[in-house]
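Chemist: One structure coming up, written as structure tokens, with questions to follow.
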Amino acid sequence: MTAHVVWALLCAAILLIGATPFWLIASPPPPIAEPKDVFDFTSLASRRSEIDLPSLRRFAARDGEQLAYRYYDSSAERILIFVHGSSYHGAGYHALAAAVSLAGAAKVVLPNLRGHYQSGRRRGDVDYIGQLEDDLADLIAFLRGEHRDGPITLGGHSSGGGLAIRFAGGGHRADVDSFVLLAPVIPRSPSVRGGTAGGWASLHWRRLYGLLLLNAAGVHGFDGLPIVAFNKPAKYWDGTETLSYSYRLNVSYHPRYDFAADIAALGGNTLVMVGANDQAIDPEALRAEFAKSDPAAQVAVLPDINHFGIFSDMTATTKVVDWLKGLPASRAAH
């Protein structure tokens, strides 16, 4: 074999390797599974509240983008910022927020994350990985500027709980003194049923692998491509849901690759609750993750409760209220 042939084969191999990530990200997405009501969306309409849903308000993030949130006042000084799960927005947690507020456990803020209903210019996308954490830090700074000076608990349900874990492991940890996580989603953890949250999330695996290769090479120009779609039957659509996420939004929404380090950063003032009948999360696997990475966290598995029941069932709500009332009334030093 001549040197020219060897050189040609080497060049061909380099071109093939270089082209592989682009072939992967350009491949068509897998067909989404037959529409299935994984979580029983009809159950969300069953809870009533003593107060009406507050109107949307706005705050300015560091890039000037106006992001939406709802606010529930309370006699308590503590502030609970509670983050919604994937696809939806803060209004889905009205009954929980109202109960916490009326019980005098905390003022409640329900943000609509950037890339979701009424927040941000592009549905299903953010500008860079980590922007959701920055947005939460900007929301906290805004609340402080409004003279709301009480201690802050960061909470979340499902992927919102995953974002709270990511926040704990990042540079804004000192802004928050406690966490309440309801059925938190931790990708790559065995606690996520089937890796798809029980069939809720449909991942574009080939594109994901291609983007991981490009990101490893420092190429981020394709991070805005959609990477996951959600299996919500069309009969439950109301126009406020977000049915797919870009790579950079999806990464921003969940703990980092070393999720154990993010969990460990939560510390002792953390309540984790999951239903024994959760369709997306394996409760015993979740309990094991926290026992290993943050044994100081309080983990409760509630019988006869599913993925939506963990934030809408009165038993679960009462546990959240009682736990919040048991926290120190003043801001902790970090």
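The values are calculated or read from the model by the stated rules, or taken from the named source; none is laboratory data. Here the structure is a predicted model, which is why all the values come from computation and not from measurement. All Cβ positions, glycine included, derive from the backbone under ideal geometry; neighbour counts span all protein chains shown. In case anyone asks, the SASA skips ligands and DNA or RNA and just uses the protein heavy atoms, side chains included. Shrake-Rupley method; radii C 1.70, N 1.55, O 1.52, S 1.80 Å.
Chemist: I'd like the full set of residues that are open to solvent by 40 Å² or more (accessible area, probe 1.4 Å), assigned to a loop (DSSP other than H, G, I, E, B) and under 17 Å from G195 (Cα atoms), limited to the range 278-305.
Modeler: If the condition is that a residue be open to solvent by 40 Å² or more (accessible area, probe 1.4 Å), assigned to a loop (DSSP other than H, G, I, E, B) and under 17 Å from G195 (Cα atoms), then Q279, D282 are the ones that fit.
Chemist: Now for a separate question. So which of Y247, Y236 ends up being at pLDDT below 95 and aromatic (F, W, Y)?
Modeler: Values: Y247 fails: at pLDDT below 95.
It is Y236.
Chemist: Here is a follow-up. Looking only at the range 42-88, filter to residues that are of a type in the set (A, V, I, L, M, F, W, C), surrounded by 15 or more Cβ atoms within 10 Å (Cβ to Cβ) and in a loop (DSSP other than H, G, I, E, B); which one of those is nearest to the chain's Cα centre (by Cα)?
Modeler: Within the range 42-88, the first condition is being of a type in the set (A, V, I, L, M, F, W, C), and the residues that meet it are 44-45, 51, 53, 56, 59-61, 67-68, 76, 79-83.
Narrowing further to those that are surrounded by 15 or more Cβ atoms within 10 Å (Cβ to Cβ): 44, 53, 56, 59, 61, 67-68, 76, 79-83.
Subset that is in a loop (DSSP other than H, G, I, E, B): 53, 56, 61, 76.
Details: L53: 22, L56: 20, A61: 18, A76: 26 Å.
Result: A61.
Chemist: Now a separate question. In the range 227-257, how many residues are out of contact with any Ser or Thr (no Cβ under 7 Å at 6 or more places or on another chain), in contact (Cβ under 8 Å) with a residue 12 or more places away in the chain and open to solvent by 40 Å² or more (accessible area, probe 1.4 Å)?
Modeler: 7
Chemist: Looking at the range 204-226 only, could you name the residues that are open to solvent by less than 50 Å² (accessible area, probe 1.4 Å), touching a residue at least 60 places away in the same chain (Cβ under 8 Å) and out of contact with any helix residue (DSSP H, G or I) (no Cβ under 7 Å at 6 or more places or on another chain)?
Modeler: The one that is open to solvent by less than 50 Å² (accessible area, probe 1.4 Å), touching a residue at least 60 places away in the same chain (Cβ under 8 Å) and out of contact with any helix residue (DSSP H, G or I) (no Cβ under 7 Å at 6 or more places or on another chain): H204.
Chemist: Another one. Of the residues L266, L302, L327, which single one is within 30 Å of D149 (Cβ to Cβ), more than 19 Å from the chain's Cα centre (by Cα) and not charged (D, E, K, R)?
Modeler: L327
Chemist: While we're on this one: If only one of D127, D177, D135 is out of contact with any helix residue (DSSP H, G or I) (no Cβ under 7 Å at 6 or more places or on another chain), crowded, with 22+ Cβ neighbours inside 10 Å and among the charged types (D, E, K, R), which one is it? Steps first, answer last, please.
Modeler: Numbers: D127 fails: crowded, with 22+ Cβ neighbours inside 10 Å; D177 fails: crowded, with 22+ Cβ neighbours inside 10 Å.
On inspection, the qualifying residue turns out to be D135.
Chemist: Now, a different point. Would you check if there is a residue in the range 306-325 being within 16 Å of L163 (Cα to Cα), in a loop (DSSP other than H, G, I, E, B) and open to solvent by less than 10 Å² (accessible area, probe 1.4 Å)? Working first, answer last.
Modeler: Within the range 306-325, the first condition is being within 16 Å of L163 (Cα to Cα), and the residues that meet it are none.
No, the range 306-325 has no match at all.
Chemist: Within the set of pairs 6 or more residues apart or between chains, which connect a residue that is of a type in the set (F, W, Y) inside the range 174-189 to a residue that is open to solvent by 10 Å² or more (accessible area, probe 1.4 Å) with Cβ atoms less than 9 Å apart?
Modeler: Pairs found: F179/G267; F179/N269; F179/A297.
Chemist: Taking the range 265-277 on its own, how many of its residues are outside any strand (DSSP E or B) and in contact (Cβ under 8 Å) with a residue 60 or more places away in the chain?
Modeler: Summing the residues that are outside any strand (DSSP E or B) and in contact (Cβ under 8 Å) with a residue 60 or more places away in the chain in the range 265-277 gives 4.
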